[in-house]
Amino acid sequence: MVEVLDMIRMRARLLVLHVLVLVLLVVLAVRLWQVQVVRGNEFVTRATETRTRTVIVPAVRGQILDSSGRPLVRNKTALVVSVDRAMLSRMPDGGMTVLRKLSAVLGMPVADLQQRITPCGPGVGKPCWTGSPYQPVPLDEKVDPRKALQILERQEEFPGVTAEIHSVRQYPGGRAGAQMLGYLQPVTEQELEQREGLKASFSGVDLAGRDGLEYVYDDALRGKSGLRRVQVDRMGKALGLEEQVPPIPGDHLVTSIDSRIQTITERALNKAMKSAPAADGGAGVVLDARSGRVVAVASAPGYDPAIWGGGISARGYQWLLSDKSGKPLVSRAINGQFAPGSTFKISSVSAMLRAGYPLNGKYGCPGSYTVGGRAFNNFRGIGLGTLDLHTALVKSCDTIFYRAAYEQYLKDGGRQPKKKPKEVFSNMARSFGFGSPTGVDLPGESAGRIPDRAWKRDLWNRTSAINCERSRKGYPEVKDRARAEFLKRLALENCTEGFLLRPGDSANFSIGQGDVLVTPMQLARAYMALVSDGKLRSPRIGWAQVRPDGKVVRTFPVPVVGKLPLSEKERLYIKNALSQVAQDGTAAGAFAGFPMNKVRIGGKTGTAEVWGKKDTSWFASFAPTKNPQYVVVVMVSQGGMGSQTAAPAVREIYEGIYGIKRPAAVPGGKLTTKLPTFRPDGTVVPG
């Protein structure tokens, strides 16, 4: 009986086991059906992807050329040592042995090599790698051929290391125009989100323009990257080439810059900076008065743009933005905002004409004039008698403009302004383009500042709370007691009535002082409109986009954005007055001995006071006076008087252009009006 029960139990267990096996087989069959039939295509695709790696082939970037086809930024072939970081990572020691040997050959610390091949990410400082892990990481873009040969001849000691000829950026002019030309850097996520054109064509390893012309014309210059699809095994070892798409080179950018005049401007500006011991920054702008194009733009201090090659260090980048270095990355020509001094009087005399002051009237020029109970002095308190507006500009009388501005201030209601004040002086300044960007084709341009009643109200709204607090607490951190007390009184005044335009504000405005700020590019643009046809233009550097085979893709016109509210007679009157400044006016000393019979120079000096610093030196000019070809503006921060620092620099620029004391940079002073001629291979036919 017991044996029968045991057999029944055993058969039951076997039955359960058979059922379990059968269920498992069914589950396995269903799973196989899902994998092979239902999701078969998906897994085939995944399997293929794991065996294919895409290697980006960057396109050769287009050149940036001057108006005659001379390269401002070009490409050169160089031996570049690169490392396959994926191969290094598979080595037992993570590739450290290879990096140590490479360090000895290249003369670079191992830590630097490791930093360069480390993928960029949070907490990873520059330089770092932004590209694909299957893309070789360039470590040295200026390797000596003998060092490269050591690597190539001993490949068994340098697995994953290559030395190949690549295209890298070169700057024939050295430091000349560095801020204008811009630089290249790896693309950030923020840039991809903000720039749709970049996101659509970004390859993952491209460098993109980050400033200057490289940024503005990045889409045209960048070209289109190619690719190689490489088959690899599961360990990442290359098995063969599956697909190859060649890169499309970028187009060239022809600019209106004349590299010869650019060099002359840089040299003159640097000399001016050295002549003024306290100078901490300067700018020079040369415009073609007939077309509105930019011929040269310089900013000091400058820097060598080659510093960006191969990736800049975090320390190097901070140096470019530091006060100690003078912030050479910042262009004083378009970003620097400075009080313009008497160069601003072209706007003030125009405002007087619109307010009804007679063009040929006579005006007193006393040594000082009282505005709102405070005496405002002429330069050195010297009175010049009775003058017309012509002589007022030539001799730079201040008190004539103080009086006119104060009279218009009172007509607008003074401290209790009318409902719709005319504000003739500030509105005329805006007509000259001050207070807004010129629109020049460079990024990050500053707007300057025209301090009218609305600006005063807005400033008070933003600062009254701080001023009121300071008026109570004072400035205990200021050690100079007299200075601290003055600041406290000023804070109280700004707290209680900082929203009011004061009488003194109007006086200072009329001579380009006080809260008025302009950029050198704005001032050059204003003078260009005055001495040409009265039209306000948005200056352009880019002239044409040209394909590598020499075909012109498109040209970039100079837009007209406004018109001066002056008649031709009024403009000619002011222009004729300015034409005497370099001979009989405030710049006569700087131009003593200059052959005015060969090239007559017109212009206006400016000496702008800055609290706690030396004066800002300006000279805004044009030549020849009869039919101007050039407008040249030079500014030197803490350079002193305009006639002592800026005017001599402008003279040196004209001497270089027209060949005074040296061969002429531009024969006859005539700029080219035709684009350079290109051969089918993209090279420029010598002019």
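The condition (being assigned to a helix (DSSP H, G or I) and of a type in the set (S, T, N, Q)) is satisfied by just one residue among Gln583, Gln545: Gln583.
With respect to Asp206, is the statement that it is surrounded by 18 or more Cβ atoms within 10 Å (Cβ to Cβ), at pLDDT below 70 and in contact with a helix residue (DSSP H, G or I) (Cβ under 8 Å, 6 or more places away or on another chain) true?
yes
As a summary of the residue check, Met273 satisfies the conditions (1) under 24 Å from Arg169 (Cβ atoms); (2) open to solvent by 10 Å² or more (accessible area, probe 1.4 Å); (3) hydrophobic (A, V, I, L, M, F, W, C); (4) at pLDDT 95 or above except for the one numbered (1). Contact map, segment 356-369: residues that are within 11 Å of His390 (Cα to Cα) and without any contact (Cβ under 8 Å) to a residue 24 or more places away in the chain paired with residues that are among the aliphatic types (A, V, I, L, M) and part of a strand (DSSP E or B), Cβ distance under 8 Å, separation 6+ or inter-chain. No pairs are found.
The helices (runs of 4 or more DSSP H) found entirely in segment 32-145 that carry 3 or more residues being modelled with pLDDT under 65 are 40-50. Within segment 146-192, the residues that satisfy the criterion of being part of a loop (DSSP other than H, G, I, E, B), open to solvent by 30 Å² or more (accessible area, probe 1.4 Å) and modelled with pLDDT of 75 or more are Arg154, Pro159, Tyr171, Pro172, Gly173, Arg175. Over 34 Å from the mean Cα position of the chain (by Cα) and at pLDDT below 90: does that describe Glu493? In short, yes.
Quick one: how many residues across segment 591-610 are in contact with a Ser or Thr (Cβ under 7 Å, 6 or more places away or on another chain) and either surrounded by 24 or more Cβ atoms within 10 Å (Cβ to Cβ) or closer than 18 Å to Gly512 by Cβ (or both)?
At the first step, the residues of segment 591-610 found to be in contact with a Ser or Thr (Cβ under 7 Å, 6 or more places away or on another chain) are 600-608, 610.
Next, from what is left, pick out any that are either surrounded by 24 or more Cβ atoms within 10 Å (Cβ to Cβ) or closer than 18 Å to Gly512 by Cβ (or both): 601-608, 610.
The total comes to 9.
Once segment 623-634 is narrowed to residues that are closer than 17 Å to Ile264 by Cβ and in contact (Cβ under 8 Å) with a residue 60 or more places away in the chain, the residue that is surrounded by the fewest Cβ atoms within 10 Å (Cβ to Cβ) is Gln629. Select from segment 216-250 the residues that are open to solvent by less than 30 Å² (accessible area, probe 1.4 Å), more than 30 Å from Gly669 (Cα to Cα) and assigned to a loop (DSSP other than H, G, I, E, B) and write down the one among them that is modelled with the highest pLDDT. Taking the candidates together, the pick is Gly250. The residue of segment 583-602 that is nearest to the chain's Cα centre (by Cα), among those that are under 21 Å from Arg571 (Cα atoms) and without any contact (Cβ under 8 Å) to a residue 60 or more places away in the chain, is Ile601.
Could you tell me whether segment 601-618 includes any residue that is of a type in the set (Val, Ile, Thr) and modelled with pLDDT under 95? The answer is yes, given that some residue of segment 601-618 is of a type in the set (Val, Ile, Thr) and modelled with pLDDT under 95. Among the residues making up segment 380-394, a single one is surrounded by fewer than 20 Cβ atoms within 10 Å (Cβ to Cβ) and in contact (Cβ under 8 Å) with a residue 60 or more places away in the chain: His390.
Taken over segment 291-310, the criterion of being surrounded by fewer than 20 Cβ atoms within 10 Å (Cβ to Cβ) and out of contact with any helix residue (DSSP H, G or I) (no Cβ under 9 Å at 6 or more places or on another chain) is satisfied by Ala306, Gly309. Among residues of segment 650-663 that are closer than 16 Å to Phe622 by Cα, those with a Cβ under 6 angstrom from a residue that is at pLDDT 95 or above and not aliphatic (A, V, I, L, M), sequence gap 6+ or separate chain, pair up as Val650/Phe619; Val650/Ser621; Arg651/Phe591; Ile653/Thr265. Scanning segment 562-580 for residues that are assigned to a helix (DSSP H, G or I) and hydrophobic (A, V, I, L, M, F, W, C) yields Leu572, Ile574, Ala577, Leu578. Counting only residues that are more than 30 Å from Asp258 (Cα to Cα) and surrounded by 21 or more Cβ atoms within 10 Å (Cβ to Cβ), segment 62-84 holds 4 of them. One residue stands out among those in segment 461-514 that are small (Gly, Ala, Ser) and over 30 Å from Ala526 (Cα atoms): the one that is surrounded by the most Cβ atoms within 10 Å (Cβ to Cβ), which is Ala491.
The values are calculated or read from the model by the stated rules, or taken from the named source; none is laboratory data. Quick caveat, the model's predicted, so the values are computed rather than measured. With ideal geometry, Cβ positions are generated from the backbone for all residues, glycine too; neighbour counts draw on all protein chains shown. Accessible surface areas use protein heavy atoms only, side chains included; no ligands, DNA or RNA. Shrake-Rupley method; radii C 1.70, N 1.55, O 1.52, S 1.80 Å.
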